[in-house]
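Here is the structure we will look at, set down as structure tokens.
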Amino acid sequence: MDLDPDLTALGRLGGFFVLRTAGAPADPPPTLAQAYAHRGEEVYPDSITFRVRTVADRLGVSALRVSASIAQQALAARLWSVALGCAVLYGRVPDLDPRLLHWDPAASAPDDLWLAETRPRPADAATVADLVVRGHLEPLTAALHARYGVAEGLLWGNAGSALAGAAREVDRWARGAGTDAGTRARALAAELFTHPRLAPTGTFTGGAFRRRSCCLYYRVPGGGICGDCCFTRAPRSSPGAASG
């Protein structure tokens, strides 16, 4: 199937997979390239700081490194979902160049993304990794590590969890739809997990993922540990840890 300009096939997979391409906003939000490039100057709106604080307010957490981790994993999930969804449904992926991808940091989950132009690219693992890992996850990880002190290994673990989760969602949909898209999504995810940034994050086997780090969700009021967490029970926070 050709990559249609509106990426309409992604709608079958659910909200985390949908990518807006039509109806350019009159005042589009900043691009992700602008968000990653912010260094404290008032050149571009500081979308990342705004998003981290927005997530903190919504979840009721005071530790910004916790909300930074959760915000990063949510954005990673959106990027992987679009890439995997297009790869298995179209056999092509859109160019996710951060200069083309606009992001509304005030939106509720799933993160609101708008692609300014649909440029088809091959759907092989090397291309997908270049688009998502090099284009987005590396600069996002660097920004969050520098600003909030979030461990880089934790953030890459989040990226691994997001990739595995996207593959599982495609597989879940494919089983109901009676297609082999799930098998192809798992195969592509397995190949992506050989990437040097993702290979150390955990073990991906048959769609199941066990990570080697924790996303800190247990630090959210009412939260706990996730199904792929390295912990079997939530660790106790040290006194004063919630303020970091």
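The values are calculated or read from the model by the stated rules, or taken from the named source; none is laboratory data. Treat the numbers as computed from the prediction; the structure is a model and nothing was measured. Ideal geometry is used to build each Cβ from the backbone, glycine not excepted, and the neighbour counts take in all protein chains shown.
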Qualifying residue in the stretch 76-96 (condition: among the charged types (D, E, K, R), surrounded by fewer than 24 Cβ atoms within 10 Å (Cβ to Cβ) and in contact with a Ser or Thr (Cβ under 9 Å, 6 or more places away or on another chain)): yes
Pairs with Cβ under 6 Å, 6+ apart, first in the stretch 84-98 and closer than 17 Å to GLY15 by Cβ, second among the hydrophobic types (A, V, I, L, M, F, W, C): LEU84/ALA166; LEU84/VAL170; LEU84/ALA185; GLY85/LEU10; GLY85/LEU13; GLY85/PHE17; CYS86/VAL93; LEU89/ALA9
Inter-residue pairs, beta-carbon under 9 Å, first assigned to a helix (DSSP H, G or I) and in the stretch 117-133, second among the basic types (Lys, Arg), 6+ apart: THR127/ARG121; VAL128/ARG121; ALA129/ARG197; ASP130/ARG121; LEU131/ARG121; VAL133/ARG197
The stretch 96-116: number of residues that are under 16 Å from the mean Cα position of the chain (by Cα), modelled with pLDDT of 95 or more and part of a loop (DSSP other than H, G, I, E, B): 3
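Results for (1) within 17 Å of PRO139 (Cα to Cα); (2) at pLDDT 95 or above; (3) not small (Gly, Ala, Ser), shown as yes or no for each residue.
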| position | (1), (2), (3) |
| --- | --- |
| PRO30 | yes, no, yes |
| ALA35 | yes, no, no |
| VAL43 | no, no, yes |
| ASP46 | yes, no, yes |
| VAL55 | no, yes, yes |
| GLN73 | yes, yes, yes |
| TRP80 | yes, yes, yes |
| LEU89 | no, yes, yes |
